[in-house]
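The values are calculated or read from the model by the stated rules, or taken from the named source; none is laboratory data. Not measured: the values here are computed from a predicted model. Glycine also receives a Cβ, built like all others from the backbone with ideal geometry; neighbour counts cover every protein chain displayed.
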Amino acid sequence: MPPSRFAVPSEVPGLAARRIAADILDGVLHKHRTLDDQLDGAGAHPGLKTLADRDRALMRRLVATILRRLGTLGHLLSRLLDRGIPTDAPRAQSALLIGAAQILWMDVPDHAAVDLSVRLVQSDRRAAKYAGLVNAVLRRCAREGQPLIEEVKAQTLDIPPWLLARWIGAYGETTAREMARAIGHEPSLDITVKADAPQWANRLHGETLPTGTVRTLLQGAVTMLPGFSEGQWWVQDAAAALPARLFGDVGGKTIVDLCAAPGGKTAQLAQAGARVTAVDRSPARMARLRDNLARLSLQVDDVVTDAAEWQGHHGGFDGVLVDAPCTSTGTIRRHPDVAWLRQETDIATLSALQKRLLQRAVALLKPGGMLVYCTCSLEPEEGEQAVTSLLAAEPGVRRVPIETGEVAGLSEIVTANGDLRTLPCHLPHADPRLGGLDGFYAARLVKY
C-alpha cells in the first residue's frame, strides 16, 4: 500500500512529541544510546528545538515512564498480543509502549493515547501495516490493562533479573524489593542552594530535607524557575550532595575533584571556600561544567585530561574527591535507561578503572590529606569492596569513619564501618514522589 495514504499532517497536536519520544526510545532500546546523550548537547535529537516547552516536558516524562515500567509493559503487551510484539518494525513497538504508558500511568485520555499511537504507526512505512493491530491492542489495554498490572505488581518486573538478584544478595530480599518499589516512582526535583534553604523551599513550593537539600515537585523547564538564572542554586540529588561535605571545613584548602563534570560537587567545594582543581577527560563535559560554574559565579581551575594519569602539582593536595565512573545503578530512579543499558559484565571493567583512580588519588594527596571516594552505584564491587582493596594495598591510608551527626542524624545511611550508603528506599515520605534518595556509596580516608 502506498505510504502516501498514511501521510500525517504535522499540525496534529501532540504527535511531534510522541514521534520524538519514539525515536529516543529506539535510541535506548536498539542503539544503546543514553537518554542524556539524546536529550542534551551535540548529540541531542534535532526535533527537540521545534517542541514547545510543554510538549518537551511531556516527551521527557513519557520516555521516562516507559523505561521505568518497561518490564511491566513488556509483560502486559505479551498478554494482549497473540503473536508478540512485532520485531520487524521498531516504530510499532514504540507506538504500543507509548500508548500503553499513557493509558496506564499518565493523565492522557484513552482515546487520545490510542489515536496518536495509531497515527504514529501510520506515518512509518515499515510499521503502517500494524495500524489495525496497534488500535485493537491499545483499546484492549484501556479495558483490561489495570487488572493485569495488579496481577504482577509484586513480581518486580521493572528491574532486570540479574540486577535484582545482585541487590537481594547484597541487601536482602525485603530491602531489594523496597528499593525496586521506590525506583518505580517518578522522583522529585532536588536542589542545592547557596544559602537560606527554607526561603528557597518556600519560593519553589517545596520542603527542606534534614540534609539541607530543597526538594520540590515543580515540573517544566528548570531554567525558568526562580533563582536559576541568578545562580542561586543547582540541581543535585540529595544523596549526591553528601560526599563533598565529608571533607568538613575546606576554606582555603586545595581540593582536586577527579572526574568532576558536570560539576555539582565541584560547585559545593568552591562555594565552601576551597581552592578547587576540576579534572575531567571529556572536553564536552568540561564545557558544561564551566557553563554551570559561570552561572553560579564560582571560580575553579580546570584541566581536561585522563584523571587516572594526571600528575597534579608538586607538594600534593589537601584533599581529593574521586566521584568515579561507575555502573550508576543507584541513579535508575532518575535515569531509568541505566537499568536497560548496563550489563553485569560492566562491573568488572569499571571496577578496574575505579582502582586506578583510587591509586592516583592517594598519590595526589599530601601527608595528612583527605580522600573522599564515592560512586552512584549500588554494587558492592564499586563501593565497599573497592575501598577494602585500597586499604589492603596502601598501609599508609586509613578510614575516617563518618559520624551520624555529619549526615543530619540519618543513622540508616551510615554503615557499621563508618561509610556512607544511601538506598533508593531511604528517606521515606507519605507522598512517594517526595521520598527516596539516589543510591550512593562514599568513604572518607586519610593519608599518613
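Okay, residues lined up against (1) at pLDDT 95 or above; (2) in the same structural domain as Ala21 (by TED's automatic domain parsing); (3) not in a helix (DSSP H, G or I):
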residue	(1), (2), (3)
Val108	no, yes, yes
Leu116	yes, yes, no
Val134	yes, yes, no
Val137	yes, yes, no
Arg140	yes, yes, no
Pro147	no, yes, no
Ala165	yes, no, no
So, in the range 198-231, of the ones that are under 20 Å from the mean Cα position of the chain (by Cα) and part of a helix (DSSP H, G or I), which residue ends up surrounded by the most Cβ atoms within 10 Å (Cβ to Cβ)? Val222
With respect to Cys425, determine if the residue is farther than 19 Å from Leu258 by Cα, touching a residue at least 24 places away in the same chain (Cβ under 8 Å) and surrounded by 19 or more Cβ atoms within 10 Å (Cβ to Cβ). yes
Here are some residues: Leu371, Leu378, Leu350. Which one is outside any helix (DSSP H, G or I), aliphatic (A, V, I, L, M) and within 18 Å of the chain's Cα centre (by Cα)? Leu378
Here are some residues: Tyr448, Tyr441. Which one is out of contact with any His (no Cβ under 8 Å at 6 or more places or on another chain) and at pLDDT below 95? Tyr448
Pull up the range 387-412, narrow it to residues that are touching a residue at least 60 places away in the same chain (Cβ under 8 Å) and either on the phi < 0 side of the Ramachandran plot or of a type in the set (Lys, Arg) (or both), then point me to the one that is surrounded by the most Cβ atoms within 10 Å (Cβ to Cβ). Ile402
Condition test on Val114, is it surrounded by 20 or more Cβ atoms within 10 Å (Cβ to Cβ) and either in contact (Cβ under 8 Å) with a residue 60 or more places away in the chain or under 30 Å from Thr223 (Cβ atoms) (or both)? no
From the options Ala287, Ala195, Ala182, residue that is assigned to a helix (DSSP H, G or I) and surrounded by fewer than 19 Cβ atoms within 10 Å (Cβ to Cβ): Ala287
Residue satisfying all of: in the range 42-57; more than 21 Å from the chain's Cα centre (by Cα) and part of a loop (DSSP other than H, G, I, E, B); surrounded by the most Cβ atoms within 10 Å (Cβ to Cβ) among these: Leu51
Please count how many residues of the range 237-280 are surrounded by fewer than 24 Cβ atoms within 10 Å (Cβ to Cβ) and part of a helix (DSSP H, G or I). 6
Kindly indicate whether Leu80 is touching a Cys at 6+ places or on another chain (Cβ under 8 Å) and closer than 15 Å to Val134 by Cβ. yes
Looking for whichever is touching a Pro at 6+ places or on another chain (Cβ under 6 Å), surrounded by fewer than 20 Cβ atoms within 10 Å (Cβ to Cβ) and not polar (S, T, N, Q) here; the options are Arg139, Arg125. Which one fits? Arg125
Touching a Cys at 6+ places or on another chain (Cβ under 7 Å) and more than 20 Å from Ala393 (Cα to Cα): is that true of Pro325 in this structure? yes
So which of Leu58, Leu48, Leu35 ends up being in contact with a His (Cβ under 9 Å, 6 or more places away or on another chain), in contact (Cβ under 8 Å) with a residue 24 or more places away in the chain and either in the same structural domain as Pro13 (by TED's automatic domain parsing) or on the phi < 0 side of the Ramachandran plot (or both)? Leu35
